[in-house]
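Before any comments, here is the structure.
Bear in mind that the values in this text are calculations on the coordinates, not laboratory data. Values in this document were obtained by computation on a predicted structure and should not be read as measured data. All Cβ positions, even for glycine, are placed from backbone atoms using ideal geometry, and neighbour counts span all protein chains on display.
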Amino acid sequence: MPAHMLQEISSSYTTTTTTTITAPPKGTLKNGGEKLEKTPLYLGEDIRPEMKDDIYDPSYQDAEGPRPKLEYVWRNIILMSLLHLGALYGITLVPTCKFYTLLCAYVYYLISVLGITAGAHRLWSHRTYKARLPLRLFLIFADTMAFQNDVYEWARDHRTHHKFSETHADPHNSRRGFFFSHVGWLLVRKHPAVKEKGGTLDLSDLKAEKLVMFQRRYYKPAVLLMCFILPTLVPWFFWGETFLHSLCVATFLRYAIVLNVTWLVNSAAHLYGYRPYDKNIDSRENILVSLGAGGEGFHNYHHSFPYDYSASEYRWHINFTTFFIDCMAVLGLAYDRKKVSKAAVLARIKRTGDGSHKSA
């Protein structure tokens, strides 16, 4: 990318399109004499008053008693098994694939990841920035290609995950083990607490967005087309790739990789890594996860500050999604990007960090 474009993207970060969250100094005088109250744990109230249901609720505790018996969802077990078998066979076909097929699969992968990270996650789950219609259309298209449930369901489960992390109300509770938080939660019926607490969240913003509800209404046929039919037909039709290579590499292998790199945010990034921002929560900083998941592995930061559009203290450091959003801001398609101030981050590090941050 030309240097002047990078400079323009960089400079746009400091314009009024980015709202910074700051922690007011303790004891600062207000209106000439009135003392400010102690800084609240949630620092985003002034700039994101419409969103609080993704903020961790430490008061919620699991009810005592045995866990409900697991109910297996055999349809999901069979389909996931077939997908991964097809993906494993696809690995053996990679050396004999045409270059354009591999390139196409990689482009599908990037688009799918952005649909989750920039779309379902940072835009619709957390409302960390705003997007104009062309960008929302692209992200709903990309999210459909990713096939990880429609935006409404994804955002509902994700907000529940944030508010009730590491409890039975967390859809992919990492305290139930790596396999459960990675994929097992999709293979069994949800814990009753997930449904109970998820039903208490305010999802009116999602219900009010016509594009999100349109996707939900037509999700199954759209997924069939975007995730399976088009990725298979394009290499086969346009440059004469074999149907088997197209199906197993561009579709099955690509889709399985997208699923697993995003699942690692739920599993590996809650079990392995440092907790420089808050040692009292299980989410971790995991660079390897960020490499595959477009910058979503700075997870201790993200759970400490879920209202930050970068999902990281840093801007473009191993964070393709932030770079993408900033590029969209230069084009005028993204705006009102929420960013936590350095002062607020350092205050949180000193208060609750595990001492691993370089500034500690």
* Given the conditions (1) under 30 Å from LEU103 (Cβ atoms); (2) acidic (Asp, Glu); (3) in a helix (DSSP H, G or I), which single one is not true for GLU241? -> (3)
* Asked: Restricting attention to the stretch 285-302, which residues are surrounded by 23 or more Cβ atoms within 10 Å (Cβ to Cβ) and not small (Gly, Ala, Ser)?
  -> GLU285, ASN286, VAL289, GLU296, PHE298, HIS299, ASN300, TYR301, HIS302
* Do we find that ALA155 is closer than 22 Å to ARG122 by Cβ, without any contact (Cβ under 8 Å) to a residue 60 or more places away in the chain, crowded, with 21+ Cβ neighbours inside 10 Å and of a type outside the set (Phe, Trp, Tyr) in this structure? -> yes
* Does ASP170 count as buried (at least 19 other Cβ atoms within 10 Å of the Cβ), in contact with a Phe, Trp or Tyr (Cβ under 6 Å, 6 or more places away or on another chain) and under 28 Å from CYS327 (Cα atoms)? -> no
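Grab the helices (runs of 4 or more DSSP H) fully contained in the stretch 95-203, keeping just those with 2 or more residues being farther than 26 Å from MET328 by Cβ and of a type in the set (Gly, Ala, Ser).
192-198
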* What number of residues within the stretch 52-94 satisfy the criterion of being over 30 Å from GLY240 (Cα atoms) and either among the aromatic types (Phe, Trp, Tyr) or part of a helix (DSSP H, G or I) (or both)? -> 8
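For the stretch 204-215, does any single residue satisfy the condition of being acidic (Asp, Glu) and assigned to a helix (DSSP H, G or I)?
Yes, the stretch 204-215 contains a residue that is acidic (Asp, Glu) and assigned to a helix (DSSP H, G or I).
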* Give the residue, chosen from LYS190, LYS210, that is surrounded by fewer than 16 Cβ atoms within 10 Å (Cβ to Cβ), charged (D, E, K, R) and more than 30 Å from LEU247 (Cβ to Cβ). => LYS210
* To do: Mind counting the residues in the stretch 294-353 that are of a type in the set (Lys, Arg) and either within 16 Å of ALA120 (Cα to Cα) or touching a Pro at 6+ places or on another chain (Cβ under 6 Å) (or both)?
  => 1
* **The listed residue being touching a strand residue (DSSP E or B) at 6+ places or on another chain (Cβ under 7 Å) and under 21 Å from PHE147 (Cβ atoms), out of LEU247, LEU230, LEU187, LEU224** => LEU187
